[in-house]
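Remarks on the structure that follows.
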Amino acid sequence: MSYRFPPPQTPAIAISGSDDLFPIRRIFCVGRNYEAHAKEMGVAVDREAPFYFTKSATAFVASGSRVAYPPETSNYHYEMELVVAIGGPAYRIPAEQAESVIFGYACGLDMTRRDLQLKAREQKRPWDTGKDFEESAVIAPIVPASMTGHPVSGTIELRVNGAVKQSSDLGLLIHPVAALVADLSKYYHLQAGDIIFTGTPEGVGPVVAGDRIEGSIENVGTISLDIL
């Protein structure tokens with residue numbers, strides 16, 4: 001028995017300070033996890049429980065890349081986020097033990113076709129075309145938790161062409177990292193290679209061809225992306 005065509009290679013993220021790569025298994029994203037961002041999107045804050053959408057592993061693109069403005073949109077947005085890399089199995093894990101399965105952290109950009117997302121939201125349809133598309137999950141090298149610890153506060157910032165657009169603090173996450181890992185593990189058998197985008201603060205907005213995006217998270221790292 002043979003494959004009809006060669007199976008695709010598994011996308012993988014660089015690991016800071018190592019030649020090893022972190023293969024991506026799944027990408028989970030948390031919606032509306034900062035109060036100010038929920039308000040700017042005109043929706044209620046979800047305090048009782050987080051909600052999720054997903055991106056394909058093939059949506060990954062490395063920090064420092066140059067990407068084309070995506071098709072079928074005229075409102076292409078950045079969203080700066082803390083990314084969590086899961087390093088071990090977790091199923092129904094309590095929040096108090098969640099840090100034990102976290103391999104590390106990274107800066108991420110959840111690039112979004114906002115017009116398509118909002119149209120889907122109005123029609124009460126899935127967000128897939130607005131969120132899950134090629135080169136929409138930008139991730140910088142992962143910094144192992146053994147180097148960063150487990151950040152619960154620190155500045156998260158994004159700049160477009162040098163101008164600050166997003167500036168907040170990880171301490172303002174409605175559902176902190178440990179709670180997210182515990183909650184996700186109620187629904188999924190989390191495994192090494194799973195990635196969690198933890199949500200974006202207020203200040204999201206559009207970019208156009210020729211723009212340069214740069215972001216940073218205190219004690220975690222930096223990220224960049226050029227739009228062609």
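Just so you know, all these numbers are worked out from the coordinates, no wet-lab data involved. Bear in mind that the values here come from a model prediction, so they are computed numbers and not experimental data. All Cβ positions, even for glycine, are placed from backbone atoms using ideal geometry, and neighbour counts span all protein chains on display.
Simple point charges give the picture: +1 on the Cβ of Lys and Arg, -1 on the Cβ of Asp and Glu, and for the range 12-227 a dipole about the Cα centre of about 500 debye.
For Cα pairs less than 8 Å apart in space and 6+ apart in sequence, what is the mean separation divided by the residue count of the chain, i.e. the relative contact order in percent?
Computed over the chain, the figure is 31 percent.
Holding the Cα-Cα limit at 21 Å, pick out from K55/K119; K39/K186; K131/K186; K39/K124; K39/K165; K55/K124 the pairs that are longer than that.
Numbers: K55/K119 18 Å; K39/K186 28 Å; K131/K186 24 Å; K39/K124 19 Å; K39/K165 16 Å; K55/K124 19 Å.
Result: K39/K186; K131/K186 exceed 21 Å.
I want to make sure I understand the PRE zone here: with the label point 7 angstrom from the Cα of Q97 toward its beta carbon, which residues in the range 192-211 have backbone N atoms less than 18 Å away? Label zone hits: 192.
Using the Cβ-Cβ distance between R66 and A12 with R0 set to 22 Å, the FRET efficiency from 1/(1 + (r/R0)^6) comes to roughly 0.65. Dipole of the chain computed with +1 at Lys/Arg Cβ and -1 at Asp/Glu Cβ about the Cα centre; of S63, G171, I217, farthest Cα towards the positive end is S63.
In sequence order, the range 150-164 has phi-based couplings of 10, x, 10, 8, x, 5, 10, 9, 9, 10, 10, 6, x, 8, 5 Hz under the Karplus curve 6.51 cos²θ - 1.76 cosθ + 1.60, θ = phi - 60°, and Gly or Pro positions carry x. Ordering S56, S168 by the number of other Cβ atoms within 10 Å of each residue's own Cβ, fewest first, gives S56, S168. Around the amide H of G104, modelled in the peptide plane, lie the amide H atoms of A85, A145, all under 5 Å away and 5 or more residues distant in sequence or on another chain. For the range 94-196, the gyration tensor built on C-alpha atoms gives an oblate shape. Its axis ratio a/c (a ≥ b ≥ c) is at least 1.5, and a/b is not larger than b/c. Extending 7 Å from the Cα toward the beta-carbon at both T129 and N161 defines two label points whose distance is 2.9 nm. Relative to one another, the C-alpha centroids of the range 96-141 and the range 1-77 are positioned 4 Å apart.
Of the chymotrypsin sites (Phe, Trp or Tyr not before Pro) found in the range 72-130, the ones in coil according to DSSP and having at most 13 other Cβ atoms within 10 Å of their Cβ are Y91. Roughly how many nanometres apart are two label points built 7 Å out from the Cα toward the Cβ at F5 and R121? Between F5 and R121, the label points sit 3.5 nm apart.
Would you please state which residues of the range 1-25 a label at Q191 would reach in this model, taking the label point 7 Å out along Cα→Cβ and a backbone N cut-off of under 11 Å? Within reach of a label on Q191: 25. Taking the DSSP bridge list for the chain and keeping only pairs wholly inside it, about 80 percent are antiparallel.
Summed over qualifying helices (DSSP H, 4 residues or more, each -39500 (n - 2.57)) and divided by its residue number, the chain shows a 222 nm mean residue ellipticity of -3500 deg cm²/dmol. Give me the log10 of I(q) over I(0) for the chain at q = 0.12 Å⁻¹, as the Debye formula computes it from C-alpha points; what are the numbers? For the chain, the Cα-only Debye profile gives -0.61.
For the range 110-146, the set of trypsin sites (Lys or Arg not before Pro) satisfying both a DSSP loop assignment and a count of at most 13 other C-beta atoms within 10 Å is given as K124.
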